[in-house]
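The values are calculated or read from the model by the stated rules, or taken from the named source; none is laboratory data. The structure presented is a predicted model; accordingly, all values stated were derived computationally and were not measured. All Cβ positions, even for glycine, are placed from backbone atoms using ideal geometry, and neighbour counts span all protein chains on display.
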Amino acid sequence: MRRAVCPGSFDPITNGHLDIISRASRLYDEVYVAVMINKSKKGLFEIDERIGLIREVTAEYGNVVVESFHGLLVDYCKERDIPAIVKGLRAVSDFDYELQMAQMNNGLSGVETLFVPTNPTYSFLSSSLVKEVATWGGDVSHLVPPAVLTALNERLHAH
């Protein structure tokens with residue numbers, strides 16, 4: 001069984017993330033979406049909420065497992081016998097950082113990193129940008145799945 005992981009904070013998951021996950025799900029038998037827990041960052045959504053949203057929007061693929069993790073990604077991969085990390089690259093600026101991470105992860109454990117260029121439609125997209133635009137009432141309906149849009153509106157505009 002061929003397995004890969006798509007790691008991230010997914011706060012919230014965007015159409016850009018979903019594009020990478022869906023493409024990975026066509027290439028691998030099982031795709032793990034690993035939601036990173038970062039105690040030093042307060043997210044808009046709690047880990048359990050992120051996991052729920054990701055499960056909802058990836059359910060149609062049938063081969064996606066969504067879990068949280070903290071610590072080193074290579075340890076997560078080792079525990080689950082996952083030989084590959086799939087990462088989306090938006091721009092050259094992503095590549096510099098991601099290449100260093102890929103080389104470190106490979107050096108630590110032999111895990112390979114595969115870079116997938118993002119769909120040009122989403123080349124500018126980030127969770128941070130979505131949150132900022134949504135906070136100020138901007139339309140992000142074309143940037144996130146409908147379930148995420150609903151959750152964002154409820155979280156940001158609850159009175």
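Some points to look at:
- Residue check for SER93: without any contact (Cβ under 8 Å) to a residue 60 or more places away in the chain, of a type in the set (S, T, N, Q), touching a Lys or Arg at 6+ places or on another chain (Cβ under 7 Å) and over 22 Å from GLY52 (Cα atoms): no
- Within region 9-37, being part of a strand (DSSP E or B) and at pLDDT 95 or above holds for GLU30, VAL31, TYR32, VAL33, ALA34, VAL35.
- When the residues of region 80-97 are filtered to those that are β-branched (Val, Ile, Thr) and in contact with a strand residue (DSSP E or B) (Cβ under 8 Å, 6 or more places away or on another chain), the one that is surrounded by the most Cβ atoms within 10 Å (Cβ to Cβ) is ILE85.
- Among the residues listed as GLY52, GLY8, GLY43, the single one being in contact with a Lys or Arg (Cβ under 8 Å, 6 or more places away or on another chain), free of Cβ contacts under 8 Å to residues at least 40 places away in the same chain and surrounded by 14 or more Cβ atoms within 10 Å (Cβ to Cβ): GLY43
- Top-ranked residue in region 105-145 [being among the hydrophobic types (A, V, I, L, M, F, W, C) and part of a helix (DSSP H, G or I); ranked as nearest to ARG90 (Cα to Cα)]: LEU129
- Candidates GLU98, GLU67 - the one that is assigned to a strand (DSSP E or B) and either closer than 15 Å to ILE13 by Cα or under 18 Å from the mean Cα position of the chain (by Cα) (or both): GLU67
- Test: ALA4 is touching a helix residue (DSSP H, G or I) at 6+ places or on another chain (Cβ under 7 Å) and either part of a loop (DSSP other than H, G, I, E, B) or not hydroxyl-bearing (Ser, Thr, Tyr) (or both): yes
- Selection of region 98-153 for residues being touching a residue at least 60 places away in the same chain (Cβ under 8 Å) and either buried (at least 18 other Cβ atoms within 10 Å of the Cβ) or basic (Lys, Arg) (or both) yields THR118, TYR122, LEU125, SER127, VAL130, LYS131, LEU143, VAL144, PRO145, VAL148, ALA151, LEU152.
- The set of residues from region 1-57 being hydroxyl-bearing (Ser, Thr, Tyr) and closer than 18 Å to LEU129 by Cβ comprises SER9, THR14.
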